Amino acid sequence: QLAEKLRRGELPGSARYLVCADPPGPRIGNGGSTLHVLRCLEEQYGDQWTSFTVLLIHSGGYSQRLPNASALGKIFTALPFGDPIYQMLELKLAMYIDFPRHMKPGVLVTCSDDIELYSTGVTETITFDKPGFTALAHPSDLAVGTTHGVFVLDPSSFSGKGGLEYVSCYRFLHKPDVETMQQSGAVCVRGDRPQLSSSGNHSSLGMASECVYTDSVFYIDHSTAKQLLMFYKQMGTLCCEIDAYGDFLQALGPGATPDYTKNTSNVSKEDSGLVEVRQQLYSLLQGTALNVIVLNNSQFYHIGTTQEYLFHFTAESKLRFELDLQPVAFSIFPGTAKTLDELSIMQSILEPGCVIGPGSVIEYSRIGSEVSVGKGSIVSGSHINFSVDIPSNCFLSSVSVKLSDQVEYVTMVFSVGDDLKKSVKSLSDVHSLQFFGASLPECLDLWSIEASDQLFSSEDTRLGLWTARIFPVCSTLSESVKMSLNMLNSVQHMSAFKLSGFQLLSVEEMLTYKDVEDMLKFRKQIYDEICLQRQKEKSDF
């Protein structure tokens, strides 16, 4: 994907690009990945990397809460503006474009599903030049704080005025509850200064309101990064998931305590040796500075879930206003339907006659003339050339897979609210899993599938929608969409649709067998066709 962007001139040619996959074996979390990347940098560039300024983007793991980004990576999520379309990667580079020239050698760490918008005074610059860690901080209401990292700022160095302040941080809290924020002195009262908002609605923070300062991007200077790399090398292999935010930042600042090392409530999997690794990291990093750059006129946006994605791309969101997101971006779209503002169509070809309901997102798809899509749905990477009504709140995403050297197609279909992260330990609990409002056993009956251990692809006892082998493999893309919509239709109308003749895959397996080249080929065909149409329109005038 990077090579194609560089070929099209969509990325700066002067930077070096390096892609590092996690090492094989157990999941190591974004903290483990960060350590692994430092090792890759050293292996690839030797001593040269001591002078590098590095942007390290965690490009998306399983993406279970936004599965249309699972196969090709969250950092390549399409955004509804630009011609040709921008993806998250280009937006990140544009947002951080001023950072490198005010940055000493080191590593700036960011995720691929967040957007930070800020405004600073003409004379104010964001500089990453201090030893230790330096993090950006954004004012947020307390509810937001409970799902993020929160800084306890040193009151003597902080006034809360101006667009930008350099503050030292006493302590970092990871996803704290409201009581913890209040007791540890993280809560500030802001005056009646408006926030970053050109639309006149001065956000929910209102007049003098309580807020906390939450995390986003952070920088590690080179010598601290080197220490972390030495630690990783001494460890040999990492067997547990480390969180770059929780497990690095909680060790910093004069008020840090080792209590968090034993708290494993936020951890997805109780890992071997997690507490021990955390304690080693704590003793390594303890006493290291945590500098905070407070951006008082800033807003942090997260697009990591289907709900957030639909809201920011189709509703009256501030992000949509700030970035001027378009209802139709780089697409062929019949003129008759252009009046609908509440939707988002990205790099897709829609034929006259099709109907797209408000609040829906269509990306990288071909939609035929007899298709209607309900409200609040997501259609991704699909080819629909038959007559069908796609219901509201439907999530539909197609994946090319390579099975015994043959390219085939599977389409996952869910309700946008279905929980793909939820899993149960035994077959007797499978009834608690919901698929589009029905319990999974009800659905299996309708599809003539037996509930057995063979139904789930995971070796361990994680039985969930993610590992359920329910999606039929087909020889064409449109056939796979048709079969998956038939499954959904059978659940909605409680009528049988036999899947017993098909080879069935789980979402987990789709990603194991995915054929990236074929998926990109489909996107490229759409891209070329849109470019051709543009040239034709130009020559017609």
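Scanning region 438-461 for residues being surrounded by 12 or more Cβ atoms within 10 Å (Cβ to Cβ) and in a loop (DSSP other than H, G, I, E, B) gives a total of 7.
Would you confirm whether or not region 278-285 contains a residue that is assigned to a loop (DSSP other than H, G, I, E, B), surrounded by 19 or more Cβ atoms within 10 Å (Cβ to Cβ) and in contact (Cβ under 8 Å) with a residue 24 or more places away in the chain? Looking through region 278-285, none of the residues is assigned to a loop (DSSP other than H, G, I, E, B), surrounded by 19 or more Cβ atoms within 10 Å (Cβ to Cβ) and in contact (Cβ under 8 Å) with a residue 24 or more places away in the chain. Within region 400-425, the set of residues being under 17 Å from GLY464 (Cβ atoms) and touching a Lys or Arg at 6+ places or on another chain (Cβ under 9 Å) comprises ASP419, LEU420, LYS421, SER423, VAL424, LYS425. If only residues of region 209-221 that are at pLDDT below 95 and touching a Lys or Arg at 6+ places or on another chain (Cβ under 7 Å) are counted, the one that is nearest to TYR301 (Cα to Cα) is CYS211. Considering region 286-310, the residues that are open to solvent by 20 Å² or more (accessible area, probe 1.4 Å), in contact with a Leu (Cβ under 9 Å, 6 or more places away or on another chain) and part of a strand (DSSP E or B) include one that is nearest to LEU108 (Cα to Cα), namely PHE300.
Applying a threshold of 6 Å to beta carbon distances and a minimum spacing of six or more residues, or different chains, the list of pairs starting in region 43-57 at a residue that is under 16 Å from CYS20 (Cα atoms) and ending at one that is open to solvent by less than 30 Å² (accessible area, probe 1.4 Å) and in a strand (DSSP E or B) reads VAL54/VAL107; LEU55/LEU108; LEU56/VAL107; LEU56/VAL109; ILE57/THR110.
Hey, could you check region 1-33 for residues that are of a type in the set (D, E, K, R) and assigned to a loop (DSSP other than H, G, I, E, B) and say which is modelled with the lowest pLDDT? Filtering region 1-33 for residues that are of a type in the set (D, E, K, R) and assigned to a loop (DSSP other than H, G, I, E, B), the one modelled with the lowest pLDDT comes out as ARG27. The set of residues from region 107-123 being in a loop (DSSP other than H, G, I, E, B) and buried (at least 17 other Cβ atoms within 10 Å of the Cβ) comprises SER112, ASP113, THR120.
Look at THR224 and say whether it is at pLDDT 95 or above and more than 16 Å from ARG278 (Cβ to Cβ). Quick ask: steps written out before the conclusion?
Values: at pLDDT 95 or above: yes; more than 16 Å from ARG278 (Cβ to Cβ): yes.
Against the criterion (at pLDDT 95 or above and more than 16 Å from ARG278 (Cβ to Cβ)), THR224 qualifies.
Residues of region 311-324 that are surrounded by 20 or more Cβ atoms within 10 Å (Cβ to Cβ) and either of a type in the set (A, V, I, L, M, F, W, C) or at positive phi (or both): PHE313 alone. Quick one: which residue in GLY417, GLY437 is out of contact with any Gly (no Cβ under 8 Å at 6 or more places or on another chain) and either touching a residue at least 60 places away in the same chain (Cβ under 8 Å) or within 22 Å of CYS474 (Cα to Cα) (or both)? The conditions single out GLY417.
Of all residues in region 379-405, those being in a strand (DSSP E or B) and either surrounded by 23 or more Cβ atoms within 10 Å (Cβ to Cβ) or in contact (Cβ under 8 Å) with a residue 60 or more places away in the chain (or both) number 16.
The values are calculated or read from the model by the stated rules, or taken from the named source; none is laboratory data. Owing to the predicted nature of the structure, the values given are computational and were not obtained by experimental measurement. For neighbour counting, all protein chains shown are included, and Cβ atoms are generated from backbone atoms with ideal geometry for every residue, glycine included. To get the accessible areas, we keep the full protein, side chains included, count just its heavy atoms, and leave off ligands, DNA and RNA. Shrake-Rupley method; radii C 1.70, N 1.55, O 1.52, S 1.80 Å.
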